Amino acid sequence: MLRFIIRRILGFIPVLLGVVIFTFFMARAIPGGPFDFIGDKSLPPSVVKNLEAKYHLDWPEWEQFISYLIGDELYIGPVKIFDLDPETPAYSYGVLRGDLGPSFRYRGQTVNDIIGRTFPLSAQLGVMAIILGLVIGVPAGIISALKQNTWLDYSATFVAVLGVSIPSLVMAPLLIWIFSVNLGWFPAATWGAKPPYFQNMFLTPGFDWGNYFSHAVMPVFALGTGLSATFARLMRASLLQVIREDYIRTARAKGLHESMVIYRHALKNSLIPVVTVIGPMFAALITGTLVIEQIFGLNGMGKHFVQSITNRDYAVVLGTILIYTIILVFSNLLVDLAYGWLDPRIRLDA
Amino acid sequence: MAVAELPAHTQLVRKPRSLMSDSINRLRKNKLALGSIAVLILIVLAAIFAPYITTGDFAKQDLMANNTIPHWMLPLMPKGAEQYLRFNDDYILGADDLGRDLWTRTVYGARISLAVAIVASTVSLLVGTIYGLISGYVGGTADAVMMRIVDFLYGFPFLIVVILLQTYFKAVARRGVGGGFGQAMVAINESMGGMFFLFLAIGLVNWIGMARIARGQVLSIRRKEFVEAAKAVGAPDIRIIFRHILPNIIGPLIVVETLAIPGYIFLEAFLSFIGLGVDAPTPSWGIMISEAAPGIRTYPNQLLPPALALTITTLAFNFMGDGLRDAFDPRLKE
């Protein structure tokens, strides 16, 4: 088990390195640079030149890459450039030491600052959406499989197809229109902008849960309903398949109560396909958060990611992509571990 | 030599049924799938004959008519909307904030979504199937290497690759590049309203899952007797692959691909939504949603056409995909 985990984590290294290399050179290959425009105005060439020198964009690209990985000391020695200009750190310790470098567009902010500020909101949105998806989708799938070919099954299946067919792109404005504009139940935007302000993952005492959830409920639903529909469809299909297995017949034949058959024997095995999609689901979730954050005006990581691409803020682009990739590969690892637990026939060590 | 007449009691009472006709019969009984196919045909026809059923100019700005709505849409508007609304019954679904006809834009938007659905699924099916066929049939080291590549790419975050590629393509298109080949690509892209690079970006990343499924299918039948028999009579590999293996695996692959189409449509809408899709003023449902979403409090009617069109199209593709799966792969149903 431990060997499996270690081997998998070692396997992440080429993927992460591949992603960093690809994005690093891809982002720099995109025509245009971070200092082409500030607002609507273009800067004088001399200023652009100085700015580029400050952020080492005038170095050869492979030198920039090495210094991005292991820090700037190799090329400029242990001189602490930021001592001269404490407001705008242009000195990086390298990704390997956990420093994602300075942002080119947000003066005086490092990529670590930006991600640290915006990631919690995106993470909360994503995690709550997945929980919502599981809480609605899995029971719905189970009920619809157990009551196969009844009106309950038909309506649940129909709603589920409807759910996977409505993209969050449509769901989000629809929810705003119904619950915010017409009914006025929930605020349309400003989750995380007003108190309760969400600086980090930790709660302050006297936290206003009601206010928090009234802001969160629409974004989470807009993202979560599609997920729940996917879960419901998979759960139904897989439970139907498992129910026809021989070991279920055996369990029934030895006189077990039906609920025992389902809960003890069928459910665990039928969860495997559901767990399988949770991995790719995280990827879909990232897309989802990009859309939801745009529409609900949330100050999350997805919004910054899109903005930084248009701004050619290479360091922020790379940093956010790195975080996304790490989330993806680790969620895939968790999925593999969950397999082994759900179905002992799947040997992880083999 | 004439074939002897069969005795009466052994004559066929009805026509023999092939696997295919069984499947088609099953599909015929599925009302939902048939309905979806009808809806999709309608959408395809609307997209093809768009110039005849609309004003034909999706970019025309009637600035006097911006943000107007026809009278019949009034019940859809929020309370108190009469105070700021302006009516204009020339536009059957109203006009957007630049005075462009929403009906025309929505119908032309179908062209983009359908084109993406067709091209992306064809590219992914072709590349993925061929890759999977080779990898699964040849086996050995070639298979190991090819699958390592796929595994490596599978770990890559797709969406991010697509976003970066699209940013690159768009920036190159805007600023122009030196090479003749690059110029030619940009020219093609421009003549297609920015769709070409979109196809390229979506097609480049979506064959990977297909390759895996195709390989699995090949492995499951490569050792079957009929393949062995074909080998025994000396059929060349290429004939075995295309004549004996491909027809046996293509059904499930097409079903999987059909079920993937809504994903492609979403992806296009999403890319257009964040401004990395087709070039303005080409209408895409994603662009239309992103234009209408900020004004949802005052002009919800502008959001309705693209949102509804997008949902209906993906819904129809999903129902059709489910129907095809149940018809052609009934093991999955019962």
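Give me the number: length gained by fully extending B:Ile24 to B:Thr122, i.e. 0.36 nm times residue separation minus the C-alpha to C-alpha distance, one decimal in nm. Could you put the intermediate results ahead of the total?
Details: separation 98, 0.36 × 98 = 35.28 nm, distance 2.23 nm.
Full-extension gain reported as 33.1 nm.
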If you bin every alpha carbon distance in region A:1-46 into 5 Å steps from zero, what whole percent lands in each bin? 5, 17, 14, 11, 12, 9, 9, 7, 6, 5, 3, 1
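May I ask you to sort B:Thr282, B:Thr104 by Cβ crowding, counting other Cβ atoms within 10 Å and putting the fewest first?
Working: B:Thr282 20, B:Thr104 24.
Going from sparsest to densest Cβ surroundings: B:Thr282, B:Thr104.
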Using all C-alpha to C-alpha distances in region B:243-301, build P(r) with 10 Å bins and read off the rounded percent in each one. 21, 30, 22, 16, 9, 3, 0
Measure off 7 Å from each Cα along the Cα-to-Cβ vector at B:Tyr84 and B:Gln61, then give the distance between these two points in nanometres to one decimal. 2.0
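Take the eigenvalues of the Cα gyration tensor for chain B, scale each by 5, and report the square roots as semi-axes in whole Å, largest first. If you can, show how the numbers build up before the last one.
Numbers: eigenvalues 416, 164, 54 Å².
Each semi-axis is the square root of five times an eigenvalue, giving 46, 29, 16 Å.
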Would you tell me the mean number of C-beta atoms belonging to other protein chains that fall within 10 Å of each C-beta in A:169-179, as a whole number? 6
With Cβ to Cβ distances under 13 Å as the rule, what net charge do the other residues near B:Ile289 carry (K, R +1; D, E -1)? -2
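Which semi-axis lengths, in whole Å and largest first, follow from the square roots of five times the eigenvalues of the Cα gyration tensor of region B:253-334?
Numbers: eigenvalues 200, 40, 12 Å².
That gives 32, 14, 8 Å for the three semi-axes.
If you average the sequence gap of Cα pairs under 8 Å that are 6 or more apart and divide by the length of chain B, what percent do you get for the contact order? It would help to have the intermediate numbers written out before the result.
Numbers: 408 pairs, mean separation 88.8, N = 334.
So the answer I get is 27 percent.
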Taking 0.36 nm per intervening residue step and subtracting the Cα-Cα distance, what contour gain separates A:Ile6 from A:Arg249 on full extension? 83.6 nm
Starting with the fewest neighbours, write out B:Ile312, B:Ile160, A:Ile142 ranked by other beta-carbon atoms found within 10 Å of each beta-carbon. B:Ile312, A:Ile142, B:Ile160
Ordered by number, the trypsin sites (Lys or Arg not before Pro) in region A:231-289 that occupy a DSSP loop and have at most 15 other Cβ atoms within 10 Å are A:Arg244, A:Lys254
Would you pull out the residues with amide H under 5 Å of A:Thr110's amide H, same chain only if 5 or more places away, H placed 1.01 Å from N? A:Ser103
Radius ratio Rg over Rh of the protein assembly as shown, counting only Cα atoms, Kirkwood formula for Rh: 0.99
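Over all distinct Cα pairs, what is the inverse of the mean 1/r for region B:181-334, reported as the Kirkwood hydrodynamic radius in Å?
Values: mean 1/r = 0.0532 Å⁻¹.
For region B:181-334, inverting the mean 1/r across all distinct Cα pairs yields 18.8 Å.
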The Cα radius of gyration of region B:113-155, divided by 2.2 N^0.38 Å with N its residue count, comes to 1.39
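With a cap of 13 neighbouring Cβ atoms within 10 Å, and only residues DSSP puts in a loop, list the chymotrypsin sites (Phe, Trp or Tyr not before Pro) found in region B:84-149. Mind showing how you got there, number by number?
Numbers: sites: B:Tyr84, B:Phe87, B:Tyr91, B:Trp103, B:Tyr108, B:Tyr131, B:Tyr137; in loops: B:Tyr84, B:Tyr91.
Answer in residue order: B:Tyr84.
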How many partner chain Cβ atoms sit within 10 Å of a residue's Cβ in peptide B:158-166, on average, as a whole number? 6
Taking only complete DSSP H runs, can you tell me which helices of chain B stretch 27 Å or more along their own long axis by Cα positions and average at least -0.5 on the Kyte-Doolittle scale? B:102-138, B:195-222, B:246-273, B:304-328
Kindly give Rg over Rh for region B:40-117, based on alpha-carbon atoms, with the Kirkwood expression for the hydrodynamic radius. 1.04
Cβ-based exposure ranking for A:Met235, B:Met192, A:Met1, in which fewest neighbours within 10 Å come first: A:Met1, B:Met192, A:Met235
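Every number in this text was worked out from the coordinates using simple rules, so none of it is lab data. Please read all numbers here as calculations on a predicted model, not as lab measurements. Using ideal geometry, Cβ is built from the backbone for each residue, glycine included, and neighbour counts are taken over all protein chains shown.
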